[in-house]
Amino acid sequence: MRRSKGVATAEPVSRKERGRQNLRITLVGAATNVVLFFAKLVGGVFGHSQALVADAVHSLSDLLSDFGLILAMRFSSQPPDQDHPYGHERFETLAALATGSLLAVNGAWIGVEAVQRLLAGHFVVPASWTLYIAAFAIVAKETLYQRTIRVARRNRSAALRANAWDHRTDAISSIIVFVGIGGSRLGFPYLDSVVALVVALMVLRIGAVTAWEAIQELADRGLDDATLQEIRAIILGCEGVRDLHLLKTRKMGHQALAEVHLQVAPTLSVSEGHQIAERVRMALLRQVADLMDATIHIDSENDEQGSPVLPARSQIEAAIRQALLAAQLPLPEQVTLHYLGGSVEARLQYLLPSAGALDSLHQKEWSIHRALDGEIPGVVRIGVLWRHGDSGDRMRFAS
């Protein structure tokens, strides 16, 4: 089980199974739209109903979008590859954009035709049997909407959700067509053209909204504020994390990607910092629904505003070596550097002599400090560590 916002959700289906489910319901929709298109077109032409012809064009746009969605699903269900390391989910977004754009164009065209008929005052009363075609379309499209939206919600498919709402708008438009045909036969012949205009505006609005949502996703729109707060809470609840900054997210089809910088204790080892990052990443993937991957950066301090470029290790080590040899002092076994607050702290590790008084160690440490102070570029503090040769324990004298 995965949790999102405190609610347990079922484990998502596999990419392959998700593709099969989406394709199956889309094929059912395509077959239904073929039947409805020809039924509405023949009924509208021979039954003299402009509204039914407009509804037939709506069904045609549904059919074309179904074919585009089928092609998109064949691509989006494929696993990531070398050319598409993040997967192919955005093919679904492209399908949603195409569907929305097609709906908007068709809606505008139908609306212009309806307005022209209203201005010309040319009205024809539809045949009574066209009511049966409109009623059949209402039942068929509403049933298709219910089945499609269930699959879309379960698989979190934006393209399939857009297709489901396309079925719903078609059902609503068929209801309006039914009313328009009935009103025309009851003595209001202009209602058929009025209904055609209403349907056109509905189609135009749904298409524009669908296309705009797809454009936002293609432009890397991030996750909503509630999900961002959930991600922040999960990260700050992980051991070793002091703070976070530069949290970025983006949608990728039905999934999402995240990137974040974590602030940890500045003196941690690289391996411990990596372990903290891995724990955070696994917690996010486990608890945030639809999160496909998270890129974690480990920082010793908040670098949101950037940080200066300080001397590299090779340059610092070369300066330390030169200064110590010039003072005839021994070279350290290891040099540890901490880049903090725009400067560098250097810690030199030496092997503890097998015999010797503490005073001589203090004297040697003092000599090292005197040789290095002010001589190493970027280094503001020098520390000396003594390592016991047998146990590996460290003793640090005050510096």
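All of the numbers you see were taken from the coordinates with simple rules; none came from a lab. Computed from a predicted model, the values in this text were never measured in an experiment. Neighbour counts are summed over all protein chains in view; Cβ atoms, including those assigned to glycine, are modelled from backbone coordinates with ideal geometry.
By definition, a body whose alpha carbon gyration tensor gives a ≥ b ≥ c is prolate when a/c is 1.5 or more and a/b is larger than b/c, and region 2-218 fits this prolate description. Modelled spin labels at S128 and L331, positioned 7 Å past Cα toward Cβ, are 10.7 nm from each other. Axis angle, to the nearest 10 degrees, between helix 50-76 and the longest C-alpha principal axis of the chain: 30 degrees. With the convex hull drawn over the C-alpha atoms of region 160-246, the volume per residue is 116 Å³.
With neighbour counts taken as other beta-carbon atoms within 10 Å, the residues T32, T336 rank, fewest first, as T336, T32.
Positive-end ranking of G111, I320, Q146 along the dipole of the chain, with charges on Cβ about the Cα centre, is headed by Q146. Across region 214-230, rounded Karplus estimates of 3J(HN,Hα) from the backbone phi angles (6.51 cos²θ - 1.76 cosθ + 1.60, θ = phi - 60°) give 5, 4, 4, 5, 5, 8, 6, 5, x, 6, 6, 4, 5, 5, 5, 5, 4 Hz, Gly and Pro being marked x. Of the peptides 35-43, 217-225, the ranking by mean beta-carbon count within 10 Å, highest at the top, reads 35-43, 217-225. When only alpha carbons are used to place a centre, region 170-214 and region 316-330 end up 86 Å from one another.
Our helix-only sum for the chain, with -39,500 (n - 2.57) per DSSP H run of n ≥ 4 divided by its residues, gives a mean residue ellipticity at 222 nm of -20500 deg cm²/dmol.
Dipole magnitude for region 225-299: about 120 debye, using +1 per Lys or Arg Cβ and -1 per Asp or Glu Cβ, origin at the Cα centre.
Spin-label model, R74/F46: points 7 Å from Cα along the beta carbon direction are separated by 3.5 nm. Label-to-label distance, Q305 versus A318, with points set 7 angstrom from Cα along the beta-carbon direction: 3.3 nm. Here the dipole of region 282-356 is about 420 debye; that uses its Cα centre as origin and unit charges on the Cβ of Lys and Arg (positive) and Asp and Glu (negative). Rounded to the nearest 20, the Cβ-based charge dipole of the chain about its Cα centre (Lys and Arg +1, Asp and Glu -1) stands at 1220 debye.
Across the options L262, L41, V203, the greatest Cα extent toward the positive end of the charge dipole of the chain (unit charges at beta carbon of Lys, Arg, Asp, Glu) belongs to L41.
Distance between the C-alpha centres of region 42-65 and region 225-280: 53 Å, rounded to the whole angstrom. Backbone geometry of region 107-116 corresponds, through the Karplus equation with coefficients 6.51, -1.76 and 1.60 at θ = phi - 60°, to 3J(HN,Hα) couplings of x, 5, 5, 4, x, 4, 4, 5, 5, 4 Hz, x marking Gly and Pro.
Computed from the Cβ-Cβ distance with R0 of 51 Å, the FRET efficiency linking T295 to V115 stands at 0.45. Convex hull of alpha carbon positions in the chain: directionally averaged projected area 27.2 nm².
Within the listed set A208, A31, A152, the residue fluctuating most in the Gaussian network model of the chain (springs between alpha-carbon atoms under 10 angstrom) is A31. Applying 0.36 nm per residue to the separation of H388 and A265 and subtracting their alpha-carbon distance, the gain on full extension is 41.7 nm.
Let me have the relative contact order for the chain, percent, based on Cα pairs under 8 Å that are six or more residues apart. Across the chain, relative contact order equals 13 percent. Expressed per residue, the C-alpha convex hull volume of region 236-303 stands at 71 Å³.
When each of the peptides 337-343, 325-331 is scored by the mean number of other C-beta atoms lying within 10 Å of its residues, the order from highest to lowest reads 337-343, 325-331.
Across region 330-342, coupling constants 3J(HN,Hα) worked out from phi with the 6.51/-1.76/1.60 Karplus curve, θ = phi - 60°, read x, 7, x, 5, 8, 10, 10, 10, 10, 8, 9, x, x Hz, and Gly and Pro carry x. Selection among V344, S173, I298 by position relative to the dipole of the chain gives S173 as farthest towards the positive end (Cβ unit charges, Cα centre).
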